[in-house]
Amino acid sequence: MSNKNTLPKIVLLHGWSANAPVNIMPLAEELRGKGYEVFLPHLPGFGESSNPPIPWFVEDYVEWVREEIKKKGWENVIICGHSFGGRIGMKMAKKYPDMIEKLVLMAAAGIKHELGFKAKLVRAVGSLGRFFFNLPLLNKLQPIMYSFWKTILGRKDYYKVSGVMQKTFINVVEEDLRPIVPMISVPTLVMWGKKDAMVPIEDAYFLEKSINNSRLKVYSQGDHKIPYD
C-alpha cells in the first residue's frame with residue numbers, strides 16, 4: 001500500500017460564496033476516495049475563516065494559499081480552482097510555477113469583458129436611481145432597485161457579503177488576468193460547462209488557446225456549478 005506522503009496532493013480552491021467550501025466538499029471527498037490527498041482551505045472571508053483585516057486583492061489570496069501549503073510541508077501540488085479559486089490558481093501558476101505540478105481550472109473567473117450597451121445603460125440609470133431613492137419616502141424602494149441592478153449586472157455576490165469583503169469583491173473583479181494567461185507554463189486542464197451563465201464558454205476557449213500544454217473538457221449539459229454536480 002502506498003505511503004500517505006506519496007499520494008498526489010490536490011489543493012482545492014473554492015469559489016466566491018459563503019457556502020462554497022461546504023458545497024465543494026463532496027468533490028474533495030470523492031478525490032480522496034480516488035487516491036488523492038486533498039487540502040480544502042476555507043479562504044479568508046468564507047466558510048469557517050475570518051475576514052481579512054483589510055480589503056484584499058487576488059495577490060493577497062495567492063500569498064495566503066502559498067503560506068498554508070508551506071505549513072503543510074507540501075511540494076509539487078495540483079492546484080484545482082473553481083471560479084474565484086481559478087483566479088487564485090492562475091496567479092499562483094504564473095508566480096510560483098516551481099511549486100505547482102499541474103493546474104485545473106473549473107469555470108475559472110478572471111477574464112474581464114467590456115460591459116455591453118445594456119449593462120452600461122443600466123449602470124447609468126442605477127447611478128441616477130441611487131440619488132432619487134435616497135430621498136425621503138422613496139428610500140423604502142431601495143431594496144427593490146438594488147435587487148434589479150445587481151441581477152442585471154451580475155453583482156449578486158457583492159450583496160452577499162458586507163464590510164471589508166465588499167471592497168475585496170470589487171478589488172477582485174476589477175482585475176483582468178488576461179495579460180498573465182500566456183505566461184502560465186504548468187500543464188493545465190480547463191473544465192467548463194457549456195451552459196455556464198456566469199463565466200462565458202468563450203473564456204474557456206481563450207484559456208485553452210493561450211496556455212501552452214493545456215487541454216479543454218467541455219460538459220455539454222454543465223453550468224457554473226460543475227464541481228458541485
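Go through Lys112/Lys217; Lys71/Lys194; Lys72/Lys217 and tell me which ones have a Cα-Cα distance over 29 Å in this structure.
Values: Lys112/Lys217 22 Å; Lys71/Lys194 37 Å; Lys72/Lys217 31 Å.
As for pairs spanning more than 29 Å Cα to Cα, those are Lys71/Lys194; Lys72/Lys217.
With each pseudo-label sitting 7 Å past Cα toward Cβ, what's the Arg32-Ser210 distance in nm, one decimal?
3.5
With a/c under 1.5 counting as rounded, go ahead and sort the range 1-91 into rounded, prolate or oblate using the C-alpha gyration tensor (a ≥ b ≥ c being the square roots of the eigenvalues; past the cut-off, prolate if a/b is larger than b/c, else oblate). Intermediate values should be presented prior to the final figure.
Working: a/c = 2.10, a/b = 1.53, b/c = 1.37.
Prolate, because a/c is 1.5 or more and a/b exceeds b/c.
Per-residue HN-Hα couplings for the range 183-195, Karplus 6.51 cos²θ - 1.76 cosθ + 1.60 at θ = phi - 60°, whole Hz, x for Gly and Pro?
8, 6, 10, 7, x, 10, 10, 9, 10, 8, x, 4, 9
Got a sec? What order do His42, His113 fall in by accessible area at 1.4 Å, biggest, i.e. largest, first?
Numbers: His42 35, His113 95 Å².
The ranking, largest first, comes out as His113, His42.
Taking a spot 7 Å from the Cα of Met25 along the direction of its beta carbon, which residues of the range 66-92 have an amide N less than 17 Å from it?
Flagged as within label range: none.
The values are calculated or read from the model by the stated rules, or taken from the named source; none is laboratory data. Computed from a prediction, not measured in an experiment: that's the story for all the values here. Cβ sites come from the backbone with ideal geometry, for glycine too, and all protein chains shown count toward neighbours. What goes into the accessible areas is simple: the full protein's heavy atoms, side chains included, and nothing from ligands, DNA or RNA. Shrake-Rupley method; radii C 1.70, N 1.55, O 1.52, S 1.80 Å.
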